[in-house]
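The values are calculated or read from the model by the stated rules, or taken from the named source; none is laboratory data. This one's a predicted model, so the numbers in the text were calculated from it and none came from an experiment. Cβ coordinates were reconstructed from backbone atoms using ideal geometry, including for glycine residues, and neighbour counts include every protein chain displayed.
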Amino acid sequence: MNRLVVVSNRVPLPSAGQSAGGLAVALDGLMEKRGGLWFGWSGKVAEGPGAALAQVESAAGVDYATIDLTQDEHDRYYNNFSNGVLWPLLHTMPEMMKFDRRDARVYREVNARFAASLHPLLRPTDAVWVHDYHLLPLAACLRARGVKNPIGFFLHIPFAGPDVLAAAPEVAALVRDMLAADLIGFQTDNDVANFAAAAQQLAGATRLSANALQFGGRRIKLGAFPVEIEAHGFARTAARMIFSAGGERLRRSLEGQQLILGVDRLDPTKGLLQRLAGLRTLLTRHEELRRHVTMLQIAATSRKDVDSYRTLRAALDAEAGSLNADLGDPDWQPLRVVSRAADRAAVAGYMRLARVGLVTPLRDGMNLVAKEFVAAQDPEDPGVLILSRFAGAARQLTDALLVNPHDPDAMAEAMNQALRMDVTERRERWRNLWAAIADRTPVLWGRSFVAALLRTTTPMVRPTRQQPHFAPAATFPADNVVALPQARIETRIGRVELETPTERRRLN
Ligand code: F6P
């Protein structure tokens, strides 16, 4: 079996305790099953210059190799460029980005440093799987070092259309760099279509079919691989945790009121202010619901060194205070906001208690909270999911109440409908939602991506002077890269073996 090498910005180092990040949750099972190497940032900021050699530790058949970032790298690569430029841009919120060429340069330097540290650890038969927007140029950096292994790239967040992307001067070069991978995966078909359009318009790639591009004489496969959750395990946890001490306390505190629940990182893409506008409209229009409903919004502090996140925190605090002051009574408040990250198992119990789950991002790659909310419900008395049309999950969870989060009236109407929905309709919707998630797991998701990666037979064209296609775009501008007809195909992978799926429960 080909060893799997996963590369991501964050690495769930066993010595640092389990990370609760969505990426870690999705990949952890697969890595433990296949064994392999997980490479990325240690989570530490080094005092001096970052060391070139990775630190390695091993647990449960997985080697974890990490490097530290310097303070300047952390500021510019992680805060400013990844989260201050690429995050809003790829979520189609270009007005929020703050572009600075120096940040773009350090972002590239960190990717090159990742490649330099990873390269000596690679074996010829490894399959390399790179994750997310922090590492868009990594495949090109590895190719520039002569790495010939199959490289897959998966983007966990949305991919914006080419008109939006053009707002960031660096992005055309990054799209070219992404094309150094053999397989590029996205959450939805819409993201695939946006990337294919950007690759054609910004990078000069040729479209061969709906799921294949040609660039620099190579064929690049594209695909939609929606990330999944371990629904059965989450359902069992929810059924147990509703009776935990925390679950009981929350239930008692509601005193019979219906719970509307939101669980998010505090992030500008999550539509938190728009959600509160919907709640305000609901309770203004339907005064009879006051004292019968409480909304709990867990808005876990995130990326607090990025300006837009700090600004959002202040705005959310102000609006939450004003909503409670305007609509509350001495003995009742409509809204509770909690900024501490909640334990995932405890959240499962809260979800089972909730009559309404509000998952209304302005834009989201997938949103696993929506799937978790479905999994957490009691089939006999399920809550109702209100889901943004702009979340990737809306393509699978079509029996949720789908809303436009920008429209407070629509949000209020959906909440009203959900709160009054009879049990027959709730059960029927839930059965259909459950059917959409029940037979899928993160491990199956990972296996299908890796299988598709190993199936890619990468056409290799003898390099010509005009065709430095494995060099990062920063050093070779697009004008020097030409698409050539496919000359010779070499399959670099021999035997493909994948293990059988077994269910695995992983909650923290
Ligand atoms: O959704 C993309 C993602 O990188 C997730 O994988 C992760 O859980 C989340 O954003 C938080 O990111 P950060 O590493 O910035 O805390």
Is there a residue in the range 314-333 that is part of a strand (DSSP E or B), of a type in the set (Asp, Glu) and surrounded by fewer than 17 Cβ atoms within 10 Å (Cβ to Cβ)? yes
From Ser15, Ser8, Ser19, which residue is within 16 Å of the ligand (Cβ to nearest atom) and modelled with pLDDT of 75 or more? Ser8
Test Val306 against the stated conditions and say whether it is in the same structural domain as Ser253 (by TED's automatic domain parsing), within 16 Å of the ligand (Cβ to nearest atom), touching a Gly at 6+ places or on another chain (Cβ under 7 Å) and under 30 Å from Phe186 (Cα atoms). yes
Subset tally (residues that are touching a Phe, Trp or Tyr at 6+ places or on another chain (Cβ under 8 Å) and surrounded by fewer than 18 Cβ atoms within 10 Å (Cβ to Cβ)) for the range 190-245: 2
Positions within the range 121-138 being of a type in the set (A, V, I, L, M, F, W, C) and within 16 Å of the ligand (Cβ to nearest atom), in sequence order: Trp129, Val130, Leu135, Leu136, Leu138
Answer from Arg336, Arg344 - the residue that is within 16 Å of the ligand (Cβ to nearest atom) and touching a Leu at 6+ places or on another chain (Cβ under 6 Å): Arg344
Residue among Leu433, Leu362, Leu419 that is farther than 27 Å from Gly233 by Cβ, touching a Pro at 6+ places or on another chain (Cβ under 9 Å) and assigned by TED's automatic domain parsing to the domain that holds His292: Leu362
Would you be able to tell me the number of residues in the range 363-388 that are part of a loop (DSSP other than H, G, I, E, B) and within 14 Å of the ligand (Cβ to nearest atom)? 4
